[in-house]
Amino acid sequence: MAQFDVHRLGDDAFAVDCQADSLSPLATRIVAPLMRCADVPAPSTRLHPVFLFQGEPFLLATHLLTAMSTHDLGRPVASIDAERYTIIAALDIVIAGV
């Protein structure tokens, strides 16, 4: 598992691994759900960055950070590491308020 990998949680649910790779020995990872933009009313631009994933826009629901077992995450289906700085900026808002 790697930071910013996307994991399928169900038939139509995805989560992004937001945890630093240096913490990979832990049995859990901090993740944020990816949600279809059509399902989210009035997102905040910096808090909820939007990424094109599987050909459609998905919003990173950073305010819904949670810990999940690495076993429950399974194998990654994609990576959005190219969006690293945008994701870190969203995490900064949740953690530090800036």
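Only strands (runs of 3 or more DSSP E) whose full extent lies in the chain are considered here, and the ones with at least 3 residues that are without any contact (Cβ under 8 Å) to a residue 60 or more places away in the chain and surrounded by 12 or more Cβ atoms within 10 Å (Cβ to Cβ) are 28-36, 50-53, 56-60.
Kindly check whether there is at least one residue in region 26-49 that is at pLDDT 95 or above and basic (Lys, Arg). Yes, region 26-49 has at least one match.
The values are calculated or read from the model by the stated rules, or taken from the named source; none is laboratory data. Please read these numbers as outputs of a predicted model, since none were measured by experiment. Ideal geometry is used to build each Cβ from the backbone, glycine not excepted, and the neighbour counts take in all protein chains shown.
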